[in-house]
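A.B. asks: If you scroll down you'll find the structure; I have some questions about it.
The values are calculated or read from the model by the stated rules, or taken from the named source; none is laboratory data. Just so you know, these numbers come straight off a predicted model, no measurement behind them. Cβ: placed from backbone, ideal geometry, glycine included. Neighbour counts: every protein chain shown. Only protein heavy atoms, including side chains, enter the accessible area calculation; ligands, DNA and RNA are left aside. Shrake-Rupley method; radii C 1.70, N 1.55, O 1.52, S 1.80 Å.
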Amino acid sequence: MSKAVFFDRDGTINVEVGYLSNFDQFEWIDGAIDAIKFCNRNGYLAIVVTNQSGVARGYYTEADVVKLHNRINEELAKHGAHIDDFFYCPHHPNGAVERYAVDCQCRKPKPQLILDACRKYSIDKSQSIMIGDAQRDVDAANNAGVRGVLFDGINLLNTLKSALDRNDYNLD
Ligand SMILES: [Mg+2]
Ligand SMILES: [Zn+2]
């Protein structure tokens, strides 16, 4: 079994700008690169779990989402860090693009993205946490059986370390 830290994306690893699709608008949250690096060095998969209803709304495409995620990992590589995988929900019940305009099972606070990741990587949910800046992130975590941690938006590494310390996780 592996263990993971699930991260929300917008407002958690990057500054929330509203329907981010272009890396030119991408700005790291303080401590985000170090938090990801901390996961890489301490035996946690770093997995992003993000609602991207901009796809359903027609603001950008799934290809744009994937391109941005690849670009994020290129940037992290310069710091010797990486996101292990990205899981995203492109849906919204009121979307303008018909095939994405569904009441899906993956849009947070629903747990499907986290559950899919847990299955793919044989993740031990009891050893894993999810950090996000919105209550629906915490709810998605809890709905998946993973402990959810609300991020105050200040420094992601500090939030991660205190979250893991609090349950006596091994930080070696
Ligand atoms: Mg967010
Ligand atoms: Zn979905």
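A.B. asks: Do you know which residues across region 100-138 are basic (Lys, Arg) and in a helix (DSSP H, G or I)?
C.D. replies: Result: ARG119, LYS120, LYS125, ARG136.
A.B. asks: For region 20-56, which positions are within 16 Å of ligand 2 (Cβ to nearest atom) and either polar (S, T, N, Q) or farther than 20 Å from LYS120 by Cα (or both)?
C.D. replies: So in region 20-56, the residues within 16 Å of ligand 2 (Cβ to nearest atom) come out as 48-56.
THR50, ASN51, GLN52, SER53, GLY54, VAL55, ALA56 - these are the residues of region 20-56 that are within 16 Å of ligand 2 (Cβ to nearest atom) and either polar (S, T, N, Q) or farther than 20 Å from LYS120 by Cα (or both).
A.B. asks: Looking only at region 61-68, decide whether some residue is charged (D, E, K, R) and touching a residue at least 24 places away in the same chain (Cβ under 8 Å).
C.D. replies: At the first step, the residues of region 61-68 found to be charged (D, E, K, R) are 62, 64, 67.
Imposing the further condition that a residue be touching a residue at least 24 places away in the same chain (Cβ under 8 Å) reduces the set to 62, 64.
Checked against the condition, which is being charged (D, E, K, R) and touching a residue at least 24 places away in the same chain (Cβ under 8 Å), region 61-68 yields at least one hit.
A.B. asks: So, in region 76-99, how many residues would count as being in a loop (DSSP other than H, G, I, E, B), open to solvent by 30 Å² or more (accessible area, probe 1.4 Å) and more than 16 Å from ligand 2 (Cβ to nearest atom)?
C.D. replies: 5
A.B. asks: Scan region 111-133 for residues that are more than 16 Å from ligand 2 (Cβ to nearest atom), open to solvent by 10 Å² or more (accessible area, probe 1.4 Å) and within 14 Å of the chain's Cα centre (by Cα) and jot them down.
C.D. replies: Listed by number, the residues that qualify are CYS118, ASP133.
A.B. asks: Condition first: part of a helix (DSSP H, G or I), among the aliphatic types (A, V, I, L, M) and crowded, with 19+ Cβ neighbours inside 10 Å. Now tell me which residues in region 20-75 satisfy that.
C.D. replies: Step one: filter region 20-75 for residues part of a helix (DSSP H, G or I), giving 23-25, 32-41, 62-75.
Checking the rest, the ones that are also among the aliphatic types (A, V, I, L, M) come to 32-33, 35-36, 63, 65-66, 68, 72.
Across region 20-75, the qualifying residues are ALA32, ILE33, ALA35, ILE36, VAL65, LEU68, ILE72.
A.B. asks: Considering only region 6-25, state which residues are in contact (Cβ under 8 Å) with a residue 40 or more places away in the chain and either among the basic types (Lys, Arg) or more than 14 Å from ligand 1 (Cβ to nearest atom) (or both).
C.D. replies: ARG9, SER21, ASN22, PHE23
A.B. asks: Return only the number of the condition from (1) hydrophobic (A, V, I, L, M, F, W, C); (2) open to solvent by 40 Å² or more (accessible area, probe 1.4 Å); (3) under 19 Å from VAL138 (Cα atoms) that VAL17 does not satisfy.
C.D. replies: The failed condition is (3).
A.B. asks: Which is out of contact with any Cys (no Cβ under 8 Å at 6 or more places or on another chain) and over 22 Å from ASN42 (Cα atoms), of ARG119, ARG99?
C.D. replies: On the way: ARG119 fails: over 22 Å from ASN42 (Cα atoms).
Within the list ARG119, ARG99, the selection yields ARG99.
A.B. asks: Quick check on this structure: which one of VAL146, VAL102 is surrounded by fewer than 17 Cβ atoms within 10 Å (Cβ to Cβ), more than 13 Å from ligand 1 (Cβ to nearest atom) and hydrophobic (A, V, I, L, M, F, W, C)?
C.D. replies: Details: VAL146 fails: surrounded by fewer than 17 Cβ atoms within 10 Å (Cβ to Cβ).
The unique qualifying residue is VAL102.
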